[in-house]
Amino acid sequence: MNLETHATEGPHRRRNALNGDWVTVSPQRAARPWQGEEHPDVAPDASAYNPNCYLCPGNVRVNGEANRAYASPWAFDNDFPAMSVSQSSGRDEAEPSGPGAADLFVSEPASGRCRVLCYSPDHHKTLSVMTSAELEAVVALWCEEVRALRQTHHWVQVFENRGEMMGCSNPHPHGQIWAVDYLPSEARKEDAHQKAWQEKHRSVLLQDYLAAEEAQGERLVLRNAHWLVLVPYWAVWPFETLLLPRRHIDHLDGLNATECLALADTLQGLLRAYDRLFDTPCPYTMGWHGAPGATASAHWQLHAHFYPPLLRSASVRKHMVGYEMLSEQQRDVTPEAAAERLRQALAVSGAEQRI
Ligand code: H2U
Ligand code: ZN
């Protein structure tokens, strides 16, 4: 199927039930010609060990510390953290003066802990080429880190930027965690919408959403006994997906052993489908959204977002500019057409599905 499918639909807007934002969908624009930027192919580094890599086992990092000679996934404190661990005094500014000044110049201290997660000792591996067993070890590290960090930090953001196109600084397979002592803007929106849903419907928003999507079927990408991947109805990025557990789980470390195993298979299927989509190691930003705080949440459902920027090929990406920056997010290819493309890519991806 090509990008023009579903082009018979006219322009419309869709509402994101999870964060309240709207997206404009313009299927007819998918046929437009492209003479803009094409991202040149970069030859992948095929060696398992790179003496100049600051994440390879045993190598010395920028701060002079040597990495452990790790053989399985390993995490360390980021040498260039975005937040300081202790509550700093924040911005030191003069007392604001003039009408409304106290509401115009508002700041607060930002503290937290930043971690770097090395997924594999092998420099050229990516999550998408790992075996399910190797992926299970990555899942176990995520769970272990979240379990520890959420005891002392309000919001634990596990994420990965893959590929130069997404600003990743090093091809060595790695992700990050920023665990912070406040609720960031996106988390605040998702929390408010999930809470409001529970008050109104007496149920969990993302569980109701999963059931509705499964009944409709057209946006599903992959499903098994424990997980479901779909292109959300309100997707902004062309091939954006949402990964959902079937059971109500508020935190990543609440997964049981079978769910972890099934998650490894699900990740492998999805990431291999992404790589097959344009026959290139697919760049993306992905991350987990678990409930804020250390206590149980009745309304928050654990989920992961995947945001690949690619639109038409390995070299043509979606740019969030113009109307998106000034008015509202917008997409051309419909979420339904994107889901069909991903299902086709998954079918030929060679992913192991044990569950
Ligand atoms: P990204 O490639 O996603 O930016 O992640 C790499 C992280 O590794 C980045 O946040 C950290 C950077 O601060 N880093 C170290 O902690 N030590 C180093 O020696 C180099 C980079
Ligand atoms: Zn390396």
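The values are calculated or read from the model by the stated rules, or taken from the named source; none is laboratory data. The model shown is predicted, which means the values in this text are computed figures rather than measured ones. Cβ coordinates were reconstructed from backbone atoms using ideal geometry, including for glycine residues, and neighbour counts include every protein chain displayed. The accessibility values were calculated without ligands, DNA or RNA, using every heavy atom of the protein model including side chains. Shrake-Rupley method; radii C 1.70, N 1.55, O 1.52, S 1.80 Å.
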Out of Leu271, Leu263, Leu242, Leu267, which single residue is in a strand (DSSP E or B) and buried (at least 22 other Cβ atoms within 10 Å of the Cβ)?
-> Leu242
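Can you tell me which of Tyr54, Tyr49, Tyr119 is under 24 Å from the mean Cα position of the chain (by Cα), open to solvent by 30 Å² or more (accessible area, probe 1.4 Å) and within 16 Å of ligand 2 (Cβ to nearest atom)?
Result: Tyr54 is the single residue among Tyr54, Tyr49, Tyr119 that is under 24 Å from the mean Cα position of the chain (by Cα), open to solvent by 30 Å² or more (accessible area, probe 1.4 Å) and within 16 Å of ligand 2 (Cβ to nearest atom).
Mind checking which residues of the stretch 194-209 are farther than 14 Å from His248 by Cα and surrounded by fewer than 16 Cβ atoms within 10 Å (Cβ to Cβ)?
Quick first cut of the stretch 194-209, residues farther than 14 Å from His248 by Cα only: 195-197, 199-201.
Across the stretch 194-209, the qualifying residues are Lys195, Ala196, Glu199, Lys200, His201.
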Taking only pairs six or more apart or across chains, which ones have beta-carbon atoms under 6 Å, a first residue in the stretch 53-70 that is at positive phi, and a second residue that is among the aliphatic types (A, V, I, L, M)?
-> Gly58/Ala69
Which condition number does Pro232 fail, the rest of (1) closer than 24 Å to Thr24 by Cβ; (2) touching a residue at least 40 places away in the same chain (Cβ under 8 Å); (3) out of contact with any strand residue (DSSP E or B) (no Cβ under 8 Å at 6 or more places or on another chain) being met?
-> (3)
Sort through Val138, Val129, Val156 and tell me the only one that's among the β-branched types (Val, Ile, Thr) and open to solvent by 40 Å² or more (accessible area, probe 1.4 Å).
-> Val129
Is there any pair linking a residue in the stretch 127-152 that is touching a residue at least 24 places away in the same chain (Cβ under 8 Å) to one that is among the β-branched types (Val, Ile, Thr), with Cβ under 7 Å and at least six apart or on different chains, and which?
-> Leu127/Val138; Trp142/Val158; Glu145/Ile177; Val146/Val156; Val146/Val158; Leu149/Val156; Leu149/Ile177; Arg150/Val156
Just to be sure, is Ala212 in contact (Cβ under 8 Å) with a residue 40 or more places away in the chain, among the aliphatic types (A, V, I, L, M) and open to solvent by 30 Å² or more (accessible area, probe 1.4 Å)?
-> no
Looking at Val106, is it open to solvent by 30 Å² or more (accessible area, probe 1.4 Å), β-branched (Val, Ile, Thr), within 16 Å of ligand 1 (Cβ to nearest atom) and free of Cβ contacts under 8 Å to residues at least 60 places away in the same chain?
-> no
The condition from (1) more than 16 Å from ligand 2 (Cβ to nearest atom); (2) aliphatic (A, V, I, L, M); (3) in contact with a Leu (Cβ under 9 Å, 6 or more places away or on another chain) that Ala102 misses is numbered (3)
